[in-house]
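So the structure is just underneath, and the comments pick up after that.
The values are calculated or read from the model by the stated rules, or taken from the named source; none is laboratory data. The structure presented is a predicted model; accordingly, all values stated were derived computationally and were not measured. Using ideal geometry, Cβ is built from the backbone for each residue, glycine included, and neighbour counts are taken over all protein chains shown.
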Amino acid sequence: MSNSDASGKQPELVPPTDANIRRAADLLRAGELVAFPTETVYGLGADATDDRAVTRIFEAKGRPRFNPLIVHVADQDSAEAFVRFDARAERLSETLWPGPLTLVLPRRAEGGLSLLVSAGLDSVAIRIPAHPVARSLLKAAGRPIAAPSANRSGAVSPTTPLHVAESLGGRVGLILSAGRCPVGVESTVLDLTGETPVLLRPGGVIVEDLEALLGVSVLRPSPADAGGEPDAPKSPGQLASHYAPGVPVKLGVHGAAADEALLAFGPDTFIRGGATRLNLSPQGDLHEAAANLFAMLRALDRPEHAAIAVMPIPETGLGAAINDRLRRAAAPRMPLPFPATPRQD
Ligand code: TXA
Ligand code: MG
């Protein structure tokens, strides 16, 4: 995928000093895009109250406009200004925010969020991120920030500032550059608009912890539901082929061919093959594996590899989010229902 916009501009990567955070906040308030680190992945931020700014996100990502965005806020009071919390949402937010949990809640019409953020739904996906740079930026901007992952739509999410620059090129002007994201997979998205909590996306907070706090089970739509129906997705980010590398991905392997790349998990000395071999976590630690996942998929996504062969990963805890991303990476490519919108300026 091309990494430069029509003008061939490149983004500026700057460290998150106080002065640079103020500069980023000023750009956001002026309706510009800024990429910034969160504990999960880098986000491509825009003022969530500004229609034009939010439109720029969709253009820069080449993202279909029916796919709504996550709104990031600095604190609970700000969250309550934009969405209605019930007892379940209060309980989860008290315990798990700031952190990698996104709650889908009813939108307050008077809250002032751009309607484009919700893509026509009457709900909003919202979270308080835990990363100190994200928190300082939210404070300095003094507004809610809409931010999807800072990559072109359909590509693997960025966990380093260089991934952002490679994927978006000059489509973003400024990247607050703060090294690797510690969690490495996106936030868990939980829909609390209905009576039964529904897991829209497994992520950095494990569903077992949500169920323990809620005292009820969370509905997990089967992975098979996630594809299909591009015009009526409940959580449109669940389009099957997401996070797709350029070369085919094979799952659950116990060996690789000589022209394939091996992505291992746990002890791999007895595993054969692999022109290139990387290990998500030689000790079999799921946190370490999640933090390495996207960077290793990118590193192995090279034309000389016939495929990326991935060893089995347990489905428990963070394994659910890792396997979800891997299944999407392995799913057949689906064309976007609309052509990507070229940037106009
Ligand atoms: O970790 C993360 O969540 C990162 C960082 C930057 O915060 N953000 C992120 O955003 O992954 P994005 O846009 O790539 O994923 C947002 C997900 C999509 O699956 C989207 O469909 C879903 O949240 N979503 C957003 N608003 C929704 C809504 N009102 N109802 C249902 N799903 C929604
Ligand atoms: Mg994304």
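Taking region 151-188 as the search range and keeping residues that are closer than 20 Å to Thr55 by Cβ, buried (at least 23 other Cβ atoms within 10 Å of the Cβ) and among the polar types (S, T, N, Q), which one is nearest to ligand 1 (Cβ to nearest atom)? This residue is Asn151.
Evaluation of Asp18 against the conditions (1) within 10 Å of ligand 1 (Cβ to nearest atom); (2) over 15 Å from the mean Cα position of the chain (by Cα) shows that the sole unmet condition is (1). Residue count for region 74-95, restricted to those that are surrounded by fewer than 18 Cβ atoms within 10 Å (Cβ to Cβ) and in a loop (DSSP other than H, G, I, E, B): 3. Within region 191-199, not a single residue is crowded, with 17+ Cβ neighbours inside 10 Å and either within 16 Å of ligand 2 (Cβ to nearest atom) or in a helix (DSSP H, G or I) (or both).
The single residue among Phe66, Phe58 that is assigned to a helix (DSSP H, G or I), among the aromatic types (Phe, Trp, Tyr) and either within 12 Å of ligand 1 (Cβ to nearest atom) or at pLDDT 95 or above (or both) turns out to be Phe58.
Of Ser149, Ser157, Ser177, Ser123, all but one fail to be in contact with a Leu (Cβ under 8 Å, 6 or more places away or on another chain) and within 13 Å of ligand 2 (Cβ to nearest atom); the exception is Ser149. Sub-9 Å Cβ pairs linking a first residue in region 125-153 that is at positive phi to a second residue that is more than 16 Å from ligand 2 (Cβ to nearest atom) and assigned to a loop (DSSP other than H, G, I, E, B), at least 6 apart or interchain, are Gly142/Ala74, ordered by first then second residue. Being outside any loop (DSSP other than H, G, I, E, B) and not hydrophobic (A, V, I, L, M, F, W, C) is the filter here, so list the residues in region 134-160 that pass it. Residues satisfying the conditions are Arg135, Ser136, Lys139, Ser149.
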